[in-house]
Every structure is written in structure tokens, then in C-alpha cells.
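Engineer: For reference, the structure I am asking about is given below.
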Amino acid sequence: MTVGAARQLLSVEDVGIRFGGVVALDGVTFDIREREILGLIGPNGAGKTTLFNCLSRLYQPTNGDIRIGGRSILKCPAHAIVHEGIARTFQNVALFQKLSVLDNVKIGGHSRGPRSVTADVFALPSCGRRERELTAQARDVIEFLGLTEVEKKTVSDLPFGTQKRVELARALISRPKLLLLDEPAGGLNHEEVYALGDVIKHIRDRMGVTILLVEHHMGLVMSIADRVVALNFGRKLAEGAPSEIQTHPDVIRAYLGGDKK
Amino acid sequence: MSVLPDTSIARNDSTSSIGIRTILLRWSRPLALLVLVLLPLAASDFVTFQLTMLLVYAVALIALNVLTGFTGQFSLGQNAFFGIGGYSAVIVVEHFHLSYLLGIPVAGVIAAIAGILFAFPALRLKGVYLALATFALGTTIPQLLKLDYIEQWTGGVQGMMIEKPMTPLGLPLSQDAYLYYLTLTIALGIYILSVNLLHSKTGRAMLAIRENETAAAAMGVDVAYYKTIAFGLSAAFTGVSGALGAIVIQFVSPDAYTIQLAVAIFLGIVIGGVGWLPGTIVGAAFIVFVPNVAESISKGLSGAVFGVLILLVIFVFPRGAQQVCDRLLGVEHKKD
Ligand SMILES: Nc1ncnc2c1ncn2[C@@H]1O[C@H](COP(=O)(O)OP(=O)(O)OP(=O)(O)O)[C@@H](O)[C@H]1O
Ligand SMILES: [Mg+2]
């Protein structure tokens, strides 16, 4: 609907990466537009997570470029990527397992505010003030995701579905421009998936966050994505509206030939 | 409440015994402090000396906890920073004729610089490789202290003596008691700084690195920076503890800082419970007293007895004193 007017937020340009003999990504090119929900689909091993890892600077592409506002992020260290406005969740949940929900979310807010080693060690007033602010911000996000009751619980004690929500909270507190979600519906039951769809839409509509969504749950992708990019064997198969992708012959063939629905 | 990394525990308050537990939890720290303040009044000079050494080791254990317990970085070379601290203090006091009270912080600063310098190569290493690199540091530093070139500063193989400080301001304390209270004050200060750290943004960044480095980086935690801070702080605290130890023992020599000391310090944090600061007192008591206990059981086989005692603790209470304490207070760890 808004396709013509939307500005691009991030561009993936001819990105390729290989691990030994395996070509995990090969000349992948697409744009992410501001305030859209872009679905990224593909059979197992298509390279979706690898692309996420390139975007969050955990992997260095062997060729191509990734730009935000025309600027390449490939020189940026992994810990600076939040400052470019990118936050993410992980496919297999990468929480700080032995820490509480609140602490996990507060660490997600690490980038908000300067380094403060001296103030922290000596418990200077500035440290206490920032700590209270951060706690309040964390509680807001925790409440938004319905986690208030488990706020003090150790993450490893929580069921997988709840952990996924904690990860979402931890990503959101940094106030990202672009949120990368790697299979957020994995391991959720039918109702939870439905509720998750609403949460994702809310994050985009009310908070203005652009979303790149990797998901095998086609019902979810097709119902909330504005556009979809399909990958297979590291290459882009197709790009377009959900309805186009669903009926695209190459996509259908890839999924029938693959091992997942 | 504030000292435990309380994120990792869930209270199991059954109403029947909640009273005693709450009281114990609330008053354990003031009570422990009171005991520590009163102890030397009833103790002989020798026992006071032993208690002072206990506090010295407690500081070294807090220091290793910052590195290993908080940040998850192993070190089998803490003896290096302990020795650097000891020698620095003695050189400041004996060669430059400056105050003991200056020698101690100077030792901390010099050890911190050594720690930060060591952090640069160490940043590239993980797990067992880091342990090996620190081990190499721990075996090298005592050797370097023996070098002829610096013998005029270090006393070479012989080492150096340092006089016991006089009790200042006409305080009604023996020299040993004064040293005890000085050490207690410094140990308390370092304990409080470490608790502050644990509950701050910096401390959380360290815990994040311990739990999952990749995720920490994705959250904007500069892993290299915080590891360097951890090495620096840990070395600084260890240096202070080494300085106090040198002053208490009145002697430094390369043989006092061999790798065995590093092993003892590592053992100490395991006995106390890795990452649990109150456990450092228990770990330190283990280091100071258990070798004597082992010796009293069997003179010839004291080493073996000591080993058996360690194995016993590790098998029965793998999380050390923390586990014992949790069990007594009915605090439950749902997952190891
Ligand atoms: N660090 C790595 N080292 C070696 N090979 C890798 C690495 N990371 C990814 N790969 C390979 O890259 C290919 C793409 O994997 P990737 O995890 O990106 O797939 P995916 O699309 O996320 O699949 P799934 O839907 O199963 O999560 C696979 O063949 C994988 O084995
Ligand atoms: Mg994947």
C-alpha cells in the first residue's frame, strides 16, 4: 500500500559469505523500507540466520555491502551495531540464563547511557540515578510483554515460550529502528503465535519499529508481512507481496523439494 | 540481600521457619562484622597474625571473583599480581622510605597496570587457553623477580625484609592488632566496592560476558573493554592484598609467590562458591587453616590429606560454601 512512498532504511547489496566449501549466502540483494514488516523465508539451511549474523556483525561477509542511510556498517564492531539502531533475537534463544528477567532486560538497555566504571564501583549518585531510570524503562517493556509476574525469576527456570518473550523485551528496550526476529514463533502453540502476531504489529504500528521477520510459520508471515523475501541455498529466489510469494513457482518448488512445510 | 547475586536464587519461604531465616539473612552480615572486630581482643598475637592472613587471602579471593565469578575469565596466575603488589609495597616503603599507607595503594595501581597490560594478549584467549596463559604468567613472574639486573631493587633470590608498621596516633593496640584492623578496614572497603560493582551497569555487563559473549556483544556490551576492566580491577585488588600480605609477613621473596599460591587462590574461590562474595571468608579460612589441620592428622601425608579434603568438598558441595549456606537457609537452586 505504502510501497511507493516508503524510504529505505537498510540495504543489503550483493552480500555473499562462505564457510570453507559451503556458500551460505550468494549475491543476496534487497532493501528494507522504513516501518515495514519484511518477511524472510526459506527452507532449512537457506541462509536466513547467516544473513542475520551479517546484519548484526557477528559474521563478516566475504563480499557485498550492508548500508544504513547510505553508510556501510561493515566496519562497525558487533557491539556498536545497537547504536546503528539494530536489535535482534536469536533462533535458539541466547539469554543470560542464570540472571533474572529484569537483569536480562536491563542488559538489553546497556547501550542507553555512557560507560560508568568509576561511578559504578564507588556507587556515586549518578550511578544510582541511571540505575533507577534503567530499571523503570525495563519495567515498562516487561509490562508491555506481560512479563511483570516473572520479572524476578531466573531465566533458566522459565518455559521456552516465555524466554522468547524475554528476548523480545531485551531487544526492544534499546529502542531499535530495526528489529531482527529469528523464528519468534518457534516452539509456541497456536494461541501464542496469534498473540505474537499482534505484538509484532503493535511494535511496528505504535513504536514505529521496522521489522525483519524470519519465520517458518507461514500463517504468521503471510498475515503480518508487508513484503516477503524468499531465500534458497543462499540465493534470493523471489521478492514481493505475500500473495505473490505464496504462488511463486520457484518458492513452491523450493519448499516441496526441501524438508519443511 | 544485596550481596548475593540474588538473581540466581529463588527463596523457598515456608511460613514455619521464615522468622529465623529472615533474621539470619538480615543479621548475618552485621554479625559477621562484629565477630571480625571482636576476635583479636580474645586472640593471641599468633592467632591475630593468622586472622590477618585470612583477611589478606579473602581480598585475593574477592579479586579473583571479579574476574572469574563475575566475568567468567579463568586465572591460574593470580600469584603474579599478588607478588607484584608485595614487592611494590616493600620497595615503596624500604627504598623510598614512604608510608605504608602509601605503599598499599601504589601496589594496587602497579598491579592494575600489569593486569591491564596482560589483558591485551589475554583478550584473544578463551577457557582453557586463557587458563594456560595465566598459568604461564604465574610461573614467569617469580622467575623474573630473581633476575640479577633488578637485584638492587628486589633483593634477588634472597628477597627483602620489611619492618612491621608502628601503631599510629598512640592507639592502644599492639602492632599485630593494628595490622589486623588496618587489613580489616581495607578488606571491608574492597568488599563493598565489589558489591557496588556487581549491582551496577558495569557488573551486569561482566555477568553478561560470563553468560554469553555473543549475546552480550549484540546488546552493545564492548566485550574487550569490560574484560580489560575486569583484569585491571582484579589485579588491583590482588595487588593490594599482596601488599598487605608482605607487610604482615614482613618479608617478600620469589619463593613466596610461586604458582602454588595461584592454585590456592583458585581453590579458595571454589571452596567459597564461585561468584559468591561472602564465601571468600570461608575460602580464605580453608587456605589458612586446612593445611594445618591436614598436618595435625598426618605429618608425613599432610599433602595427601589436604588433597582428600579438597576432593571431599568438591564432591559433596560442588558449589562450595554457598551451597552449604543455601541449604541451611532453605534457599533452593532450581538449576545448577
Ligand atoms: N559458522 C558457520 N560455520 C559453517 N557453516 C555455517 C556457519 N553458519 C552457517 N553455516 C552454514 O550456512 C548455511 C545456512 O545456515 P543458516 O543457519 O543461515 O540457515 P537458516 O536459513 O537459518 O536455516 P534454519 O531455518 O534451519 O534456521 C548452512 O549450510 C549452515 O550449515
Ligand atoms: Mg536459522
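Engineer: Rounded to the nearest 100 Å², what is the sum over both chains of accessible area buried where B meets A, with a probe of 1.4 Å?
Structural biologist: 3100 Å²
Engineer: Further, regarding this structure: Using a Gaussian network model of chain B with C-alpha springs under 10 Å, which one of B:F82, B:F315, B:F135 is most mobile by mean-square fluctuation?
Structural biologist: B:F315
Engineer: Find me the longest stretch of chain B that has none of the exposed trypsin sites (Lys or Arg not before Pro), where exposed means in a DSSP loop (not H, G, I, E or B) with at most 12 other Cβ atoms within 10 Å.
Structural biologist: B:125-298
Engineer: Going by the alpha-carbon gyration tensor, a ≥ b ≥ c the square roots of its eigenvalues, is the protein assembly as shown rounded (a/c under 1.5) or, if a/c is not under 1.5, prolate (a/b greater than b/c) versus oblate? Each step should come with its number before you reach the end.
Structural biologist: Working: a/c = 2.54, a/b = 2.04, b/c = 1.25.
Verdict is prolate for the protein assembly as shown.
Engineer: Follow-up. Leaving out ligands and nucleic acids, and using a 1.4 Å probe, what accessible area per residue does the protein assembly as shown come to in Å²?
Structural biologist: 45 Å²
Engineer: Compute the normalised compactness of the range A:8-256: alpha-carbon radius of gyration over 2.2 N^0.38 Å, N being the residue count. Spell out each step's value before the answer.
Structural biologist: Numbers: Rg = 18.6 Å, N = 249, 2.2 N^0.38 = 17.9 Å.
Relative to the rule-of-thumb radius for its length, the range A:8-256 sits at 1.04.
Engineer: Sticking with this one: Using a 1.4 Å probe on the heavy atoms of the protein chains only, list every residue of the range A:52-82 that has 30 Å² or more less accessible area in the complete assembly than in its chain alone.
Structural biologist: Those are A:L58, A:H79, A:V82, which lose 30 Å² or more relative to the chain on its own.
Engineer: Which percent of the accessible area of the protein assembly as shown is formed by carbon and sulfur heavy atoms (probe 1.4 angstrom)? Could you put the intermediate results ahead of the total?
Structural biologist: Numbers: 16630 of 26750 Å².
On the protein assembly as shown, the fraction of accessible area on carbon and sulfur atoms equals 62 percent.
Engineer: Name the most mobile residue of A:D157, A:D103, A:D31, meaning the one with the largest mean-square fluctuation, in a Gaussian network model of chain A with Cα contacts below 10 Å.
Structural biologist: A:D157
Engineer: Which entries of A:K106/A:K153; B:K126/B:K146; A:K177/A:K201; A:K152/A:K201; A:K98/B:K227 show an alpha-carbon separation above 23 angstrom in the structure shown?
Structural biologist: From the list (A:K106/A:K153; B:K126/B:K146; A:K177/A:K201; A:K152/A:K201; A:K98/B:K227), the Cα-Cα distance tops 23 Å for B:K126/B:K146; A:K152/A:K201.
The values are calculated or read from the model by the stated rules, or taken from the named source; none is laboratory data. None of these values were measured; they are calculated from a predicted model. Quick reminder, even Gly has a Cβ in these numbers, built from the backbone with ideal geometry, and neighbours come from all protein chains shown. For the accessible areas, the whole protein counts, side chains as well, though only heavy atoms, and no ligand, DNA or RNA atoms are used. Shrake-Rupley method; radii C 1.70, N 1.55, O 1.52, S 1.80 Å.
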